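Have a look at the structure below before the remarks.
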Amino acid sequence: MPGDEGGFVLAVESQGKPDPDKHNSWTYYLAHMYAKYRLPPFLLVVCKDKATAAWASEPIRVGRGFHTSMVVFPLVLGPGILPVITEPDEAARDLGVAVFSALAYATDPGLTAILDALASGVADDAGKSGSGDVDRVDWAEIVEIGLGEGPGREYWRNLMATYTPNFPGSNSIVEESWLEGRAKGRAEDILRVLEVRGVETPDPVRDRVTACTDLDVLGTWLDRSLSVARAEELFAEE
């Protein structure tokens, strides 16, 4: 993204509750992105309640009392920080703010009204920029993924199927390709972490990791790859 100081990489994560294991994952994500893209990385955490937002805002310090090797400062959005947007015109004026507002209020009783406004804004944007607009598709997918499993996500998928029939959430080729790309990238990250840590990865483990397309499962394996002594321990609870 252009700016006075040059480009940067932005990682966005939706967080529903405090999770100490995320500190390890976030630190790795930022270091990996910096090494891979040679651009300053930033982590934006969108939280669904104020307690989680307060937890995510705490700096992550890596080191000991005599020396700090690294400090990670996440950017945090959550309820009270973002406005509640329930008017389609307001959502259409700035889709980015409307999207993050929907994710921040994902557990709010008024979520359906927020999603109704956002869906109308997405459809309005599509009408102006054409059905091939990449930004619109990206925003819609960020909402679906960020809402997580539950009635809110299903409600959003139904809205998108109504407003934009070609929405990737309708199991289109676009969505399948996008998911495959994310799964492949996450699998590569897992194997790379094991390699850097000097953990031997037998072919059966490598094959199982690269064949997996479940992003949640791959996320769990990625978290474990940071600490396991043997590659087979990635699948310990399975």
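Residues whose amide H lies under 5 Å from that of V46, counting only those 5 or more places away or on a different chain, are E13, S14, Q15, L77; hydrogens are built 1.01 Å from N in the peptide plane. Taking other residues whose beta carbon is less than 12 angstrom from the beta carbon of K22, and scoring Lys, Arg as +1 and Asp, Glu as -1, yields -4.
Placing unit charges on the Cβ atoms of the charged side chains and taking the dipole of region 174-235 about its Cα centre, the candidate lying farthest along the positive direction among A211, A183, V196 is V196.
Bear in mind that the values in this text are calculations on the coordinates, not laboratory data. Predicted model only: the values in this text are computed from it and were never measured. Virtual Cβ from ideal backbone geometry, glycine too; neighbours counted across all protein chains shown.
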